[in-house]
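The values are calculated or read from the model by the stated rules, or taken from the named source; none is laboratory data. All of these numbers come straight from a predicted model, not from anything done at the bench. Cβ placement follows ideal geometry from the backbone for every residue including glycine, while neighbour counts extend to all protein chains displayed.
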Amino acid sequence: MKSNSLTYGVIFVISLFLSFTSKGQNEASVEAETSSFKVNVGADIMSRYVWRGTDFGDSPSIQPYLSFSSSNFEIGCWSAVATSSFYREVDLYAKYTYKNLSVIFTDYYVPSLNGTPTAPDIRYFTFNNDSTAHTFEGSLLYKGSGKLPFWIMANVFFFGNDKRWGYDTQKDLNADTYYSAYLEAGYTFAVRENNIDVFAGFTPAAGAYGNTMGFVNVGLTGYRKIRITDQFELPVKASLVFNPQSSAVFATFGITL
C-alpha cells in the first residue's frame, strides 16, 4: 500500500544516514574531516511550548532534536514533551536548500493533547488519511542575507490529521482535510550582544490555527549567549508572542544545551 511504502521509505532514508555516521564522534555537532557531512544533536528547555501563536501542553517543555546534513540536503527529527501534562510531539522532516530558498517536508505526529486523543487512530505506524495522528506539511522558506536578513515562509497541511476542527460542518462530517495554511514574514537585527527576530504570522482561512482569517502569531524573540567559562557559552532566548485572533499573549524563556 502507498502508506506502507512511505513508511518504509522514511525508515530507509534515516537508516542510510545513520549508517554513514556509525563511526563518527559522539558530539553535539560533528563535521567529517573529508566531507561536508554534519550531525547536530541538542535540546531546548523551554518555559512553554508556543508554536505559531498557540500554547501546546500548558507547562514547561523539553525539546530534543537530531539532524543529519550534507551539502544542500538535511533530514532530522524534533520533539516536544510537556513536563506536567499529557502532551507529546515527534516530528520528522526533510529539507533541501538552494541558495536562499528551502523546500521542506514535515511529518508532525501528535497522538494526544492534555490526555485526549487527537485522532481516531493514534498508533505511530498508521497512515490512513481519515484516521491517522500524523499530519504532513509542505513548506517554502526564503531567507535573505547580508544587508537584508529577512525571511518569508509559506506552509500548508495536505494530508492526515488536519480535520474535524469544527468550523465547516460538511468537512467535519466527511473527515475532509482543511488544508490549513500559515504564512509568516520576519526580520533579524542585532542590538549589542543580542540578536532579535521580529515576526508576523497569518492564516488565510479557518482551520488548525483559528476560526477565521487573521493574524495568529505576532511578536519578537531575543537571543544571546551567556559566557559561563572561557570555553563555554550558554545560549538563551526569550519571546513575547501575541495571537490577535484569540486575544492571547505569551512570554517564554528557554536555554539550548
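Data overview
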item	result
Boolean, GLY207 is within 16 Å of ARG52 (Cβ to Cβ), surrounded by 17 or more Cβ atoms within 10 Å (Cβ to Cβ) and of a type outside the set (A, V, I, L, M, F, W, C)	yes
Conditions (1) at pLDDT below 95; (2) over 19 Å from TRP151 (Cα atoms); number of the one not met by ALA248	(1)
Spans of strands (runs of 3 or more DSSP E) in the stretch 190-243 with at least 3 residues touching a Pro at 6+ places or on another chain (Cβ under 7 Å)	214-227
Exclusive hit being in contact with a Phe, Trp or Tyr (Cβ under 8 Å, 6 or more places away or on another chain) and over 21 Å from ARG88 (Cβ atoms), set ASN114, ASN211	ASN211
Matching residues, the stretch 223-245, being under 21 Å from the mean Cα position of the chain (by Cα), loosely packed, with under 15 Cβ neighbours inside 10 Å and not aliphatic (A, V, I, L, M)	PRO235
All positions within the stretch 196-214 that are over 18 Å from TYR178 (Cα atoms) and either of a type in the set (A, V, I, L, M, F, W, C) or at pLDDT below 95 (or both)	ILE196, VAL198, PHE199, ALA200
Any hit, the stretch 162-169, residues being surrounded by fewer than 18 Cβ atoms within 10 Å (Cβ to Cβ), under 22 Å from VAL50 (Cα atoms), modelled with pLDDT of 95 or more and in contact with a Phe, Trp or Tyr (Cβ under 7 Å, 6 or more places away or on another chain)	yes
Options TYR167, TYR179: the member that is on the phi > 0 side of the Ramachandran plot and either part of a strand (DSSP E or B) or touching a Gly at 6+ places or on another chain (Cβ under 8 Å) (or both)	TYR179
Qualifying residue in the stretch 148-156 (condition: surrounded by fewer than 17 Cβ atoms within 10 Å (Cβ to Cβ), among the small types (Gly, Ala, Ser), in contact with a strand residue (DSSP E or B) (Cβ under 6 Å, 6 or more places away or on another chain) and under 21 Å from TYR179 (Cα atoms))	yes
